Amino acid sequence: MSRVAACGCGAVRVSVKGDPQICWVCHCDHCQRLSGSIGLFAAVFRDEDVTAIEGQTTTHRGNQEKWPGAERYFCSKCGTSVHWINPAAFPGMRLVATGCFSDPEFPGPNLAMQTKYRHRWCGDFDGADTFEGYPAQQ
Ligand SMILES: [Zn+2]
Ligand SMILES: [Zn+2]
């Protein structure tokens, strides 16, 4: 199965094959601000399962002390953050914003992190392992 994630204006497209290795949501204060939403939803694909990356992006380097090598890529035209890498946490993987697939059938999160920051009105996700912090901290 192949899927395409796209930005709001359609200029940036990330094509992937197969299902993601993991789908997560992080509710930490940083991810809320990055996403402009109540959590950042990510689908993690192996590099070899990413078949094409098209369109012009601008790069933002994240907190290099905490996450060495982390880079986020957003559409140079519309600003949508479509994909990113975090080699310290996910070596050999590319993270793609779940919402950019705009697919109701897309797999839901199997990992929910940093729920201590989560909005009170947001419930648990069915089938997700849920952690108040990061999984390694529990
Ligand atoms: Zn765009
Ligand atoms: Zn986070």
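Here, each number is a calculation from the coordinates, and none is a lab measurement. Quick caveat: nothing in here was measured; it's all calculated off a predicted structure. As a convention, Cβ positions derive from the backbone with ideal geometry for all residues, glycine included, and neighbour counts pool all protein chains shown.
Of everything in region 20-65 that's more than 16 Å from ligand 2 (Cβ to nearest atom) and touching a helix residue (DSSP H, G or I) at 6+ places or on another chain (Cβ under 9 Å), which residue is farthest from E105 (Cα to Cα)?
Q21
Just to confirm my filter: which strands (runs of 3 or more DSSP E) fall fully inside region 54-100 and include at least 1 residues that are farther than 17 Å from A43 by Cβ?
57-61, 71-75
Can you tell me which residues in region 42-88 are within 12 Å of ligand 1 (Cβ to nearest atom), among the aromatic types (F, W, Y) and within 24 Å of G18 (Cβ to Cβ)?
Step one: list which residues in region 42-88 are within 12 Å of ligand 1 (Cβ to nearest atom), which gives 54-58, 73-82.
Those left that are additionally among the aromatic types (F, W, Y): 73-74.
Answer for region 42-88, where residues must be within 12 Å of ligand 1 (Cβ to nearest atom), among the aromatic types (F, W, Y) and within 24 Å of G18 (Cβ to Cβ): just Y73.
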